[in-house]
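Structure first, commentary second.
The values are calculated or read from the model by the stated rules, or taken from the named source; none is laboratory data. If you're wondering where the values come from, they're calculated on a predicted model, not measured in any experiment. Positions of Cβ are generated from backbone atoms using ideal geometry, with glycine treated the same way; all protein chains shown enter the neighbour counts.
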Amino acid sequence: MNAPLDAALQPFVLSETSAGVATLTLNRGDRFNPLSLAMVAALQAELDRLASDAAVRVVVIAGSGKGFCAGHDLKELLAHAEPPDSAWQQEMFDACSRMMLTLTRLPQPVIARVHGIATAAGCQRPICAARRQCRHLLHHPRGRSGAQCRA
């Protein structure tokens, strides 16, 4: 029997690129891929790297395990709630906002491959990807069909 892998040693985000498609997989499936500060930072670093990669034509964001993303890491948020750690809370929500904005500003289309649960901030990422994708299609020379995006 194989020993379980220590989650602390595993990367928060797995990255794979094949034929112009970059797939970023949230890698905390045992906890439904919660958005901890470390997860957000890892995802931001990958998005920043992909933004300047001309070989990448599309970005897919996926989640490992039984669900896409449960939203913010409530254990981590509670650990900084009493006594209130305002500086950490501001850092967390600034980082999350920056990551969500990056999703909408990437030069490549972004697809959220959602399965299972996607709640709270875990649901915002697919919405950001959908809004960005609709904007890309509506501004693409072949996408001027008068279609509307109401994501």
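A few points about this structure:
- Here GLU16 clears all of (1) outside any strand (DSSP E or B); (2) more than 13 Å from the chain's Cα centre (by Cα); (3) at pLDDT 95 or above except the condition numbered (1).
- On the stretch given as the range 5-21, residues that are crowded, with 18+ Cβ neighbours inside 10 Å and in contact (Cβ under 8 Å) with a residue 40 or more places away in the chain total 0.
- Helices (runs of 4 or more DSSP H) contained in the range 36-151 and holding at least 3 residues within 20 Å of SER18 (Cα to Cα) and modelled with pLDDT of 95 or more: 37-51
- Among residues of the range 86-104 that are in contact (Cβ under 8 Å) with a residue 60 or more places away in the chain, those with a Cβ under 6 angstrom from a residue that is assigned to a helix (DSSP H, G or I), sequence gap 6+ or separate chain, pair up as CYS96/VAL40.
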